[in-house]
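Below: one structure, written as structure tokens.
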Amino acid sequence: MKKFLMLFLALAIIFSFAACGEKTPQPTQAPQPTQAPQPTQAPQPTQAPDKIKWPNGVKEVTVLVPMDVGSMLDQSTRIMVDYLNEVCPDTKFVVENDAAGSGNRAGLTLSRADGDGSVIMAHGAGAIVNYYSGTWEKNLADRNEFVAICANVGQLQPSGGVFLTPVTNDKFNDLPSFVEYVKAHPGEVRIAYATGTPHEIRLKLITNYYGISQMISWQPGNSNDVRTWINGGNVELACLTETQAVADIKGGKVFGILNSLVDRNYTDDLKEVLDQVPIVTDFVKDRKEAESLVCAWPMTIFGPAKMSEETAKAINEICKGIADRPDYMERIKALGGSNTYQYFSFEEINEITAAADRQIKEIFDSFK
């Protein structure tokens with residue numbers, strides 16, 4: 001039996017060698033160039049970076065948005081929050097909208113929060129206007145109450161505010177004739193503005209620039225009031241958002257005499273109408289001077305004053321990474337206009353906030 005098995009194995013080995021010998025290597029079996037690692041196989045920018053730790057080991061962060069769900073601030077902040085949830089997976093970031101009192105309650109919540117980074121807030125320097133107009137209890141620029149941490153998603157230049165006049169107005173039809181008419185008829189021109197908004201500041205910056213603020217009959221109200229008044233011909237001038245202005249211009253009841261911008265900056269759906277409306281640099285040729293008249297304040301992430309500079313700078317460093325992510329930047333671009341992420345150092349964003357405060361305070365002081 002053993003001899004038989006040995007003979008059988010020997011024959012099997014011989015046949016296997018013979019079978020191998022019958023196959024010759026074919027050219028198609030040679031390694032192909034496409035099998036070598038290619039540059040496209042390297043990690044792409046859209047791939048998640050290494051995990052980042054949120055300061056102080058905080059496991060949940062409340063991101064306050066003092067505006068309603070669906071507002072531009074809300075949409076842009078949620079893109080930043082999605083980014084933070086990805087790069088800081090050990091921490092959960094939750095958006096909390098609170099528009100009560102024009103956002104005042106959210107501001108109070110932030111001012112009382114711990115400084116460990118567990119509560120932050122997205123807003124713009126426009127909220128400083130709310131303080132001086134009396135709708136906010138605390139000043140967002142007050143370093144005893146708040147600290148500016150870093151930029152948030154926003155526009156390189158904020159969207160404009162369009163100065164509108166009724167088509168029935170026979171007193172003026174452009175900015176120069178408006179200025180001349182006010183000077184010749186002090187107290188007769190009625191201008192409406194939404195209290196506590198950047199539009200209020202835009203109107204007052206321009207009228208102060210031409211030295212006619214004290215010659216105007218100012219009519220404060222809310223945004224809906226202002227829109228009703230200007231479309232009804234109850235006031236001679238008002239400032240509305242670009243989107244509202246385009247809709248009302250198309251409605252045939254008003255036309256624009258100025259858009260509070262230094263560069264034309266709007267989405268394609270507004271372009272046809274707004275290309276016909278002059279901007280500040282059409283009248284004020286010195287660019288630095290013109291920029292001082294348009295409220296160019298970036299959207300910002302704020303913390304409570306008790307937050308340490310070390311924590312604030314750590315958050316600044318984390319947030320600025322969104323600019324290196326094409327996937328998030330595409331989402332930001334889809335918001336329209338020149339939306340992007342702008343990086344400012346901790347020192348720069350606080351100086352920008354302080355400068356906005358000085359400008360806004362100066363406007364309000366001039367009306368006392």
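Bear in mind that the values in this text are calculations on the coordinates, not laboratory data. These numbers were taken from a predicted model, which means no experiment stands behind them. No Cβ is skipped: glycine too gets one built from the backbone with ideal geometry, and neighbour counts run over all protein chains shown.
Here are a few things to note about the model shown:
- Computing FRET efficiency as 1/(1 + (r/R0)^6) for GLU309 and ARG264, where r is the C-beta to C-beta distance and R0 is 25 Å, gives about 0.05.
- Positive minus negative residues near PRO298 (Lys, Arg vs Asp, Glu; Cβ under 15 Å): -4
- Potential extension, LYS53-SER366 segment - 0.36 nm per residue separation minus Cα distance: 108.0 nm
- Ordered by the number of other Cβ atoms lying within 10 Å of each residue's own Cβ, fewest first, HIS199, HIS185 fall into the sequence HIS185, HIS199.
- Residues of the stretch 336-368 with amide N under 18 Å of the 7 Å Cα→Cβ point at VAL95: 336-337, 339-342
- Of the residues PHE367, LEU293, PRO326, the one whose Cα sits farthest towards the positive end of the charge dipole of the chain is PRO326 (charges of +1 on Lys and Arg Cβ, -1 on Asp and Glu Cβ, taken about the Cα centre).
- Pairs of C-alpha atoms in the stretch 207-366 farther apart than 29 Å represent 35 percent of all such pairs.
- Selection from VAL95, ALA184, MET121, by position along the positive dipole direction of the chain (Cβ): VAL95
- Legend: calculated FRET efficiency, ARG358 to GLN214, from the Cβ-Cβ distance at R0 = 22 Å, rounded to 0.05, equals 0.55.
- Each residue of the stretch 306-318 is assigned a 3J(HN,Hα), and the resulting list reads 6, 5, 6, 4, 4, 5, 4, 5, 5, 5, 4, 5, 5 Hz, derived from the Karplus form 6.51 cos²θ - 1.76 cosθ + 1.60 (θ = phi - 60°), x at Gly and Pro.
- Amide H partners (placed H, <5 Å) of THR300, local residues excluded: HIS123, GLY124, ASN152
- Using the Cβ-Cβ distance between TYR343 and GLU188 with R0 set to 56 Å, the FRET efficiency from 1/(1 + (r/R0)^6) comes to roughly 0.75.
- Under the simplified labelling scheme, the LYS253-ARG105 pair shows an inter-label distance of 3.2 nm, with each label point 7 Å from Cα along Cα→Cβ.
- Cα gyration tensor shape of the stretch 161-291, rounded if a/c is under 1.5, else prolate or oblate by comparing a/b with b/c: rounded
- Residues with amide H under 5 Å from that of VAL95, placed H, sequence gap 5 or more: VAL63
- Distance violations [Cα-Cα > 23 Å] among LYS183/LYS271; LYS320/LYS361; LYS59/LYS313; LYS204/LYS288: LYS183/LYS271; LYS320/LYS361
- Three principal axis lengths of the stretch 143-211 [C-alpha, angstrom, descending]: 48, 25, 19
- A simple spin-label model places pseudo-atoms 7 Å from Cα toward Cβ; at GLU351 and ASP170 they are separated by 5.4 nm.
- Modelled label positions at ALA323 and LYS288, each set 7 Å beyond Cα in the direction of Cβ, lie 2.3 nm from each other.
- Helix-only mean residue ellipticity at 222 nm for the chain, each DSSP H run of n ≥ 4 adding -39500 (n - 2.57), per residue, nearest 500: -12000 deg cm²/dmol
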